[in-house]
Amino acid sequence: MYGIGVQSCGSFVGVVDGATGSSKDEGDRFGFMSWAQGYLSHYNSSEPNIDSILGTSDRAAVQLWLYNYCRAHPLESFFEAVDKLITALYPRARRKGR
């Protein structure tokens, strides 16, 4: 695993909680969310029956879910949180051919 996904959930919460609107804070938050979106996109492309794991969820809902999960599990890696998000979204994922 490479990139920001190996950082802790606590780091993600700190970025969101500590956001002051500065370009650095926004860049850090953008880095985490971009990594998550890339991971979710890869999941979509590697699962033969899934068109979109997000289903009807949007970016704001994904960030809120990850924030809440990471607040409860600060020692887990961000990667593990995104993996748990996939598990939570799977029942509502948009399937191919439907």
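The values are calculated or read from the model by the stated rules, or taken from the named source; none is laboratory data. Treat the numbers as computed from the prediction; the structure is a model and nothing was measured. Cβ sites come from the backbone with ideal geometry, for glycine too, and all protein chains shown count toward neighbours.
Would you confirm whether any residue within region 26-39 is of a type in the set (Phe, Trp, Tyr), touching a residue at least 60 places away in the same chain (Cβ under 8 Å) and out of contact with any Asp or Glu (no Cβ under 7 Å at 6 or more places or on another chain)? Don't jump to the end; show me each part of the working.
We begin by selecting, within region 26-39, every residue of a type in the set (Phe, Trp, Tyr); these are 30, 32, 35, 39.
From the residues that got through so far, the ones that are touching a residue at least 60 places away in the same chain (Cβ under 8 Å) too are none.
Within region 26-39, not a single residue is of a type in the set (Phe, Trp, Tyr), touching a residue at least 60 places away in the same chain (Cβ under 8 Å) and out of contact with any Asp or Glu (no Cβ under 7 Å at 6 or more places or on another chain).
Condition first: out of contact with any Ser or Thr (no Cβ under 8 Å at 6 or more places or on another chain), surrounded by 16 or more Cβ atoms within 10 Å (Cβ to Cβ) and assigned to a helix (DSSP H, G or I). Now tell me which residues in region 71-83 satisfy that.
Within region 71-83, the subset out of contact with any Ser or Thr (no Cβ under 8 Å at 6 or more places or on another chain) is 71-73, 79-83.
Checking which are surrounded by 16 or more Cβ atoms within 10 Å (Cβ to Cβ) leaves us with 73, 79-82.
79, 80, 81, 82 - these are the residues of region 71-83 that are out of contact with any Ser or Thr (no Cβ under 8 Å at 6 or more places or on another chain), surrounded by 16 or more Cβ atoms within 10 Å (Cβ to Cβ) and assigned to a helix (DSSP H, G or I).
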**Message:** Of all residues being touching a helix residue (DSSP H, G or I) at 6+ places or on another chain (Cβ under 8 Å) and farther than 22 Å from residue 16 by Cα in region 33-51, which is modelled with the highest pLDDT? Just the residue, please.
**Reply:** 43
**Request:** Give just the number: which of (1) assigned to a helix (DSSP H, G or I); (2) at pLDDT below 90; (3) small (Gly, Ala, Ser) does residue 21 not satisfy?
**Result:** (1)
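Please specify each residue of region 49-68 satisfying the condition of being free of Cβ contacts under 8 Å to residues at least 12 places away in the same chain and part of a helix (DSSP H, G or I). Walk me through it before giving the result.
The initial filter retains those residues of region 49-68 that are free of Cβ contacts under 8 Å to residues at least 12 places away in the same chain, namely 58, 60-61, 64, 68.
Residues satisfying the conditions are 60, 61, 64, 68.
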**Prompt:** Of (1) modelled with pLDDT of 95 or more; (2) aliphatic (A, V, I, L, M); (3) touching a Leu at 6+ places or on another chain (Cβ under 9 Å), residue 93 satisfies all except one. Which?
**Reply:** (1)
**Item:** Subset tally (residues that are under 11 Å from the mean Cα position of the chain (by Cα) and of a type in the set (Val, Ile, Thr)) for region 30-65
**Value:** 1
**Prompt:** Hey, among the residues in region 51-70 that are surrounded by 14 or more Cβ atoms within 10 Å (Cβ to Cβ) and touching a strand residue (DSSP E or B) at 6+ places or on another chain (Cβ under 9 Å), which one's nearest to residue 11 (Cα to Cα)?
**Reply:** 70
